[in-house]
Amino acid sequence: MIKNLKRAGGLIASAILASAALAAPGSAQSNFPSQPIRLVVPFAPGGAADTLARALANTLGEQTAQTVVVENRAGAGGTIGTASVARSAPDGYTLLLGNVSTLATAPSLYTKLTYDPLKDFTPLTLVGRSPLVFAASPKLEANTLRDLVNNTKNLKDLNYGSSGAGSITHLTGELLNKQVDNAIVHVPYKGSAPVLVAVMADELQLGVTQVSEILQQLRAGQVKALGITGSQRLEVIPDVSTAAEQGIPGLEATTWYAVVGPKGIPDDVTKKLHTMLAKALDDPNFKKRYAEEGLLIQSSTPQELSDLMAQEIPAWREVVERANVKLD
């Protein structure tokens, strides 16, 4: 009788331990995903990040037979929504579509930032890179960035517009400014649309914008492109050379997007999420759609994304400190 009780007690204890192991946060989740996935976009609806997230969510949903819900949580330059994901349960069901601003420049711009991009997230994959364009008034006596750099002293009252202080367009403009001994005055605007209006009206000599934002005006001849950042030309504007091709160093910066989750997502779930995302990003139609808007879709391993953030954070800190920008 005692032996039987001991044996029964042992079986019960084993069952309890097994149940506890299955319930543990880091345990395997072989049935993942078994419920809808929430993809947080830390910006307002309708912008580049939002439309990219919705297209990605549709493709992911088709793969998993689960709904992928896009949730916009805008505010404070994207840091509010980003912080909310950092505080979410690390079960793989809450993800963030972040970008260079929220995951690389924010630590230098916000002194009271409540998250650390390197410590508080599980990197999943890079999504893509979008070079930035230096748009100029048709009246500007320079047709390339090289012309501008070579003739800075002869070009009076040089200025450039960005979509706002601390934005990636502002900081990229400062990379150019470094090449000309800070001879160009920064003029912040509330968004890229008014920047282009000012360039077309010759109120601004230069504007730094996303490729997708300038295509219509460029094709209409209302502005001209002096060059783009990044390491390669774009099929959508093949005649516009990169700064590197023009012999101007230090202008490799791009707007990049990435998917991350809260820190602590189990390894097996991380692998599943990465596989799902990589497959979605490899879809030819998905790539083609965004190539036409100047976004080069490109996946990465989680480690490659982690390495990218580790490189970008100190690189942008140097730019922010030189420009003396703080947003809080």
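Bear in mind that the values in this text are calculations on the coordinates, not laboratory data. Remember, predicted model here, so these are calculated numbers, not experimental data. With ideal geometry, Cβ positions are generated from the backbone for all residues, glycine too; neighbour counts draw on all protein chains shown.
What the table below lists for this structure:
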read-out: Sequence of F43, F121 once ranked by neighbouring C-beta atoms within 10 Å, starting from the fewest; value: F43, F121
read-out: Estimated [θ] at 222 nm from DSSP helical runs (n ≥ 4, -39500 (n - 2.57)) normalised by residues in the chain, nearest 500; value: -12500 deg cm²/dmol
read-out: Sorted by Cβ density within 10 Å, fewest first, the residues L118, L158; value: L118, L158
read-out: Whole-Å distance, taken between Cα centres, linking segment 65-133 and segment 181-257; value: 26 Å
read-out: In order through segment 295-309: 3J(HN,Hα) via Karplus (6.51 cos²θ - 1.76 cosθ + 1.60), integer Hz, x for Gly, Pro; value: 9, 8, 5, 7, 8, 8, 7, x, 5, 5, 5, 4, 5, 4, 5
read-out: Average projection area in nm² (convex hull over Cα atoms of the chain, one quarter of hull surface); value: 19.0 nm²
read-out: Net length gained if the chain between D328 and Q303 were fully extended (0.36 nm per residue, minus Cα distance); value: 5.9 nm
read-out: Backbone HN-Hα couplings from phi across segment 68-73 [Karplus 6.51/-1.76/1.60, Hz, Gly and Pro as x]; value: 10, 9, 8, 10, 8, 10
read-out: Radius 11 Å from Cβ of L113, net charge of other residues (Lys, Arg +1; Asp, Glu -1); value: -2
read-out: Relative packing of 206-216, 282-292, 300-310, which averages over residues the other C-beta atoms within 10 Å, highest first; value: 206-216, 300-310, 282-292
read-out: ³J(HN,Hα), Karplus 6.51/-1.76/1.60, whole Hz, each residue of segment 284-291, x for Gly, Pro; value: x, 5, 5, 4, 5, 4, 7, 4
read-out: Span per principal axis, largest first, for the Cα atoms of segment 131-228 (Å); value: 31, 28, 23
read-out: Percentage relative contact order, segment 131-228, counting C-alpha pairs under 8 Å, at least six apart; value: 49 percent
read-out: Radius 9 Å from Cβ of R233, net charge of other residues (Lys, Arg +1; Asp, Glu -1); value: -3
read-out: Residues S34 and E245, FRET efficiency given R0 of 45 Å [Cβ-Cβ distance, rounded to 0.05]; value: 0.35
read-out: Simple spin-label estimate for R233 and R289 in nanometres, 7 Å along Cα-Cβ; value: 2.8 nm
read-out: Cα-based helix-to-principal-axis angle, 267-281 vs the chain, degrees rounded to 10; value: 40 degrees
read-out: Packing rank of 271-277, 105-111, where each peptide gets the mean count of other beta carbons within 10 Å, highest leading; value: 105-111, 271-277
read-out: 5 angstrom amide H check on T301, placed H, neighbours 5+ away; value: none
